[in-house]
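Report on the structure given below.
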Amino acid sequence: MLTIDESREAELTVLQLTGRLDAVTAPELEQRLATLAGDGCGKMAVDFGKLEMIVSAGLRVFLAFAKKCRKSGIRLALCRMQPVVYEVFKISGFTEILAIFPTREEAVRSLDS
Amino acid sequence: MEILRLPAELESLERFRKFVTERAAESGLDSRLIPKIELVLEEILTNQVMHAYKEREGEAEVACFPRRDGCFCLQLRDWGPEFDPLKQAAPDTAAPLEERRVGGLGIHLVKNMADHLEYRREDGKNILTVCFKKPAV
């Protein structure tokens, strides 16, 4: 199960993920991100605070989306990962290519700088 | 040894996951290890669905058992063509974003999360054994 809560403020979109990002739920997130990018979202923060687990299918979604953001000028920041989720990003080397912050405030601030 | 056999399809993931996490909890495993075991199980099962059977249907089997040294072990079996996931090329985890690819990440995670991994082909089956050490208290 994955729940995606969305809030928007001017050009900033914040997504809050709850549950599990696995092979079954990854396509839902992929679709939501594609829709947001298509809507001309300029800045996006993804809050992982309530995400219990991520597998490679979920990493795949973020890798593809980060590439799309780079091309289309969308600024992306991730935040509040639980230790096991952060470990998955770290082992995969994704902590080197994605902006990841401990708090939502820091993530949002990074998008303004 | 407790065994669960189900069709090798994404819809079976949840039941396999429940089966394994219950066995892990019964064995007194540290609850911090459970997410790692779930990740390993799911990566291997999705690999099986994608590689072992591709478009055709088949079954996968998961067994849970303790090893003599106290490790908690999973054994995953399928009847697809020979496929050794441990021989997949390692992903380049240091490449810049533009050049980064996702192939092989799943098995890379499995190798990092598990304490022991072993593949063998036997009687027309792919058999992958994965063990987790109980963390020292």
Practice item. Output the number of residues of region B:123-137 satisfying the condition of being at pLDDT 90 or above and assigned to a loop (DSSP other than H, G, I, E, B). Key: 3
**Study point:** Any helices (runs of 4 or more DSSP H) falling wholly within region A:51-113 and containing at least 2 residues that are of a type in the set (Val, Ile, Thr)
**Key:** A:83-91
Check your understanding: For region B:39-85, which residues satisfy the criterion of being without any contact (Cβ under 8 Å) to a residue 40 or more places away in the chain and aliphatic (A, V, I, L, M)?
Key -> B:Leu41, B:Leu45, B:Met50
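This table checks each residue for (1) under 20 Å from B:Thr93 (Cα atoms); (2) in contact (Cβ under 8 Å) with a residue 12 or more places away in the chain; (3) away from chain B (no Cβ under 14 Å); (4) not charged (D, E, K, R).
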| site | (1), (2), (3), (4) |
| --- | --- |
| A:Met44 | no, yes, yes, yes |
| A:Ser72 | no, yes, no, yes |
| A:Gln82 | no, yes, no, yes |
| A:Tyr86 | yes, yes, no, yes |
| A:Ile91 | yes, no, no, yes |
Point to revise | Counted residues, region B:83-122 - those being in a helix (DSSP H, G or I), over 24 Å from A:Cys69 (Cβ atoms) and either of a type in the set (Phe, Trp, Tyr) or within 14 Å of chain A (Cβ to nearest Cβ) (or both) | key: 6
Study note, to complete from the structure: In region B:12-32, residues that are in contact with a helix residue (DSSP H, G or I) (Cβ under 7 Å, 6 or more places away or on another chain) and either of a type in the set (A, V, I, L, M, F, W, C) or assigned to a loop (DSSP other than H, G, I, E, B) (or both) total 4
Exercise for review: Please determine, by comparing only the residues of region B:9-41 that are under 13 Å from the mean Cα position of the chain (by Cα) and farther than 17 Å from B:Cys131 by Cβ, which one is surrounded by the most Cβ atoms within 10 Å (Cβ to Cβ).
Suggested key: B:Phe16
Check your understanding: All but one of (1) within 12 Å of another protein chain (Cβ to nearest Cβ); (2) at positive phi hold for A:Ile54; which doesn't?
Key -> (2)
Review point. Within the group A:Gly49, A:Gly19, A:Gly40, which residue is on the phi > 0 side of the Ramachandran plot, surrounded by fewer than 20 Cβ atoms within 10 Å (Cβ to Cβ) and more than 14 Å from every other protein chain (Cβ to nearest Cβ)?
Key: A:Gly40
Point to revise | Condition broken by A:Thr35, with the remaining ones in (1) modelled with pLDDT of 95 or more; (2) loosely packed, with under 15 Cβ neighbours inside 10 Å; (3) farther than 22 Å from B:Val110 by Cα satisfied | key: (1)
Exercise for review: Return the residue satisfying two criteria in turn: it lies in region A:33-50 and is more than 11 Å from the chain's Cα centre (by Cα) and part of a helix (DSSP H, G or I), and of such residues it is farthest from B:Met113 (Cα to Cα).
Suggested key: A:Gly38
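The values are calculated or read from the model by the stated rules, or taken from the named source; none is laboratory data. If you're wondering where the values come from, they're calculated on a predicted model, not measured in any experiment. Positions of Cβ are generated from backbone atoms using ideal geometry, with glycine treated the same way; all protein chains shown enter the neighbour counts.
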